[in-house]
Structures are given as C-alpha cells and as structure tokens.
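The values are calculated or read from the model by the stated rules, or taken from the named source; none is laboratory data. Predicted model, so just to flag it, every value in this text is computed and none were measured. Cβ sites come from the backbone with ideal geometry, for glycine too, and all protein chains shown count toward neighbours. SASA here: full protein model, heavy atoms, side chains in, ligands and nucleic acids out. Shrake-Rupley method; radii C 1.70, N 1.55, O 1.52, S 1.80 Å.
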Amino acid sequence: EGWLFGSAEIFLFVLVVGAFITVTMKTGAVTSGITRLALRFKSSPTMLIVILMVVFALGGTSYGMWEETLGFYVLLVALVLALKFDRMVGAGIIFLGAGAGIIASTVNPFATGVASDAAGISISDGLFLRVLMWIVLVPAAIAYMLWYARRIQADPSKSVVGLDPDEATGEVEEVPALDGRQKLILALFLGTFLVMIYGFIPWDDIWDSLFAGDFPLPQMSDLLGDFYFTEASVLFLVAAIVIGLIAGMGEKGTVETITAGAADFLGAALVIVVARSITVVMKNTFIIDTILDWMEGIVSGASSLAFAELAFLVNIPIAFLVPSSSGHAALVMPILAPLADFADVARSVIVTAYQSASGLVNLVTPTSAVLMGGLALSKIGYDRYLRFVTPFLGIAFVVIVVIVGIGALLA
C-alpha cells in the first residue's frame, strides 16, 4: 500500500513546519527578540529567569522548540555570567524551560500531533490535561531553577560547574533594538501558531459542554470547511513565504531557505513514514492483532489507573531506543491506543503518557544532539549536568505520574 500510507499529511506538515521555523530563525528576529527581552530585565535577574523560561516553555509546548535553542546557549551563558551566576544557570534556563514545555506539549505537531493522528483522535483531545501539566510543571521548573540560582548566589562554592570570578563581569552587552520589520516578523511567527491552535481546538464542543450553546465566534471549520494537518501545512507555507519576503530574502532566497529548512526536517519526516510502514506491515500480517490478543488478557485485568501509569513507564525505555519523538509516536501508538480501549482508558491519556515519557528522556539522554551540543556550547560537562538535572527529573516524574493518573481516573 506504499510507505506513505496514512502518513502523507503528517509527512508534509513536518516538512513545512521545519521550513517555516528555518525561515523565521534565519531572519534573526527570534534571537533578537529574546536578547532584547533578556536585556530589558537585566536589573532583575529573578524576573529575567522567570520570563525567559516561560518563553522557552511556550515554544516547547506549541511547536516542540528544542533544536532551535542551539542559537541561545552562548548568548544566555554570557548574559548570566555578567549577572554573576554560573554557566549552568544559562543552560538550565533553556533546558528546563523548553524541556518542561515539551513534556507538557499541548499542540506540539511533532509529538502530540503525530501521536494523536496515529491514535485516531484529534490533537485537541486531552488538551485540558496537558494544559494542567504545563501549569504545574513549568512553575516547578522555574522554582527549581530559581532555587539553584539563589543558592550559588549566596554561596558560589555550591555551583556544580564552578563560578569563575574573572568571567562574572557584572556587565551586559547591549544589542540594537528591534526594528519594525523584525517586530512584524515576530508578530507573524506567533500569530501563525495561534491560528493553528485556534483551528485545531473544537470550540463548539468545549463551549457546549460548559455553557450548553454554540461558540459565539467563527471557527476555522466555518471558514474552510475543515482544518487539520493539510490546511495547517498551507498556513505555515504561506507564512514562511510572507516572512521571507518581509525579511528581504527575495524570491530566490526565500525558496532556497524553505527548501533547506524542509531538508533539515526530512529525516524526522522519513522516520514517521518508516514507522508507519512498519505498522502497515504488522497490520497486514496480523502481527498487531496477535499482540493485541495476547496483551488483552493482561490489560483486561488491570485498572485504568494501572494501565495509564504502565503506558508512561513503558515509553521511557522506548524513548531511549527511538530518540525521534515523532518516530516514537508513530511506532507505539497503533498498539497502545487499541490497548487503552481494552483497559477503558481514553486514548488521549495514552498520548499524554507517551509524550511525557519522550520529553522526560529528552532531558537526559546522551544520544540527543541538542542536549550534548548545548552542553558543549555552554562548556559544561555531561556529568556536571546530570548532578544538576537529576533532582528536577525526580520532580517531573512525580508530576507526570500524578497528572496521568488524574487523567485516567477522570476520563
């Protein structure tokens, strides 16, 4: 039936979102925007940490901001050193901010989107549970980061990487203010994701459950007849072209950047297709049926709570073996989703369990190019990072277990 069976929309969507992000990052508007944000609050280091982590967490939860963080490590490390913190604070702002956002992905197309599609549900299913996780986990990450920052401020010897007095200058280098073109690009960048989020959420169903009536504002489906991955792909492609032209790349430059961006994400897209093709083979040869029949007896005796927690735990080692979150989703959801039906657990809860496990492992696995690259750019040893991040991993683990359990009990 072909390798693109059932995954053509996702394949195209991943490529287009990759192109959109690449075009936007090439304009420098995102980097400049976060730099200006950091400099604006340089006199209030605590507020600076909070705001930056919220920004990275929003990027993580909305579009899986991870690879895109590599451009910020050198910048933030220099900034926090100037504010008399250590290198780990600069790296931790990014790792824990974006990482917590990814664990609690709400509409992240590369994790939640692929997993929801593979599970046969809408990306909006289970949204409230994931928002709840974000509301709990992100403040927990910020609190842990602030605790560490204040701890080494009070006693520099507590730093896990050491604080070099010669590096802490107390001075922050100024950068030019955002011009009108960069502000417009940032507005389009954020606006595109907001339109996608607005289009994916079934407002009529939510409004009716809360107020027993129709949603008062028009939905994307009212305007387009339907809005899902294909329509979202068109949205991001048009936005990428517009941003490229606004940035002055010209027709040739815009097309070349879009092509290069899509090429960078081709590997992730192909992983999805290959994983889906494995699923097709397993389905056509009745391997999935055999596995489901074998596991149904085990699952049918388990409670909803036990199955949901087991789904989270099982996905942790799988995340180590399959580092691609989208490939991981396409591989496991065709099996876990039907099993969830046997255990009387909502499929959206299993999606949340999978993405939480994937995001948690993302923060620690040494096979992650972004993690190891960020540590290299920050000049931090992996062993030192493990000392820093391990307590937060424990906190995140407990938060995930509790919220997945709540989802299983309420669904």
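The table below gives the values:
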{"item": "Residue in the stretch 138-154 that is open to solvent by 20 Å² or more (accessible area, probe 1.4 Å) and modelled with pLDDT under 90 present", "result": "yes"}
{"item": "Subset tally (residues that are open to solvent by less than 30 Å² (accessible area, probe 1.4 Å), not in a helix (DSSP H, G or I) and not hydrophobic (A, V, I, L, M, F, W, C)) for the stretch 39-83", "result": "1"}
{"item": "Filter result (over 23 Å from residue 372 (Cβ atoms) and either in contact (Cβ under 8 Å) with a residue 60 or more places away in the chain or of a type in the set (Lys, Arg) (or both)) within the stretch 39-60", "result": "39, 40, 42, 45, 46, 49, 50, 54"}
{"item": "Any helices (runs of 4 or more DSSP H) falling wholly within the stretch 174-224 and containing at least 3 residues that are at pLDDT 70 or above and out of contact with any His (no Cβ under 7 Å at 6 or more places or on another chain)", "result": "180-200"}
{"item": "Condition check for residue 82: among the small types (Gly, Ala, Ser), touching a Lys or Arg at 6+ places or on another chain (Cβ under 9 Å) and over 26 Å from residue 234 (Cβ atoms)", "result": "yes"}
{"item": "The one condition in (1) touching an Asp or Glu at 6+ places or on another chain (Cβ under 6 Å); (2) farther than 22 Å from residue 70 by Cα that residue 396 fails to fulfil", "result": "(1)"}
{"item": "Neighbours by Cβ (under 8 Å, 6+ apart or cross-chain): first from the stretch 380-403, surrounded by 13 or more Cβ atoms within 10 Å (Cβ to Cβ); second among the β-branched types (Val, Ile, Thr) and assigned to a helix (DSSP H, G or I)", "result": "396/103; 399/136; 400/103; 403/136; 403/352"}
{"item": "Filter result for the condition that a residue is modelled with pLDDT under 90 and in contact with a Pro (Cβ under 6 Å, 6 or more places away or on another chain), over 83, 75", "result": "83"}
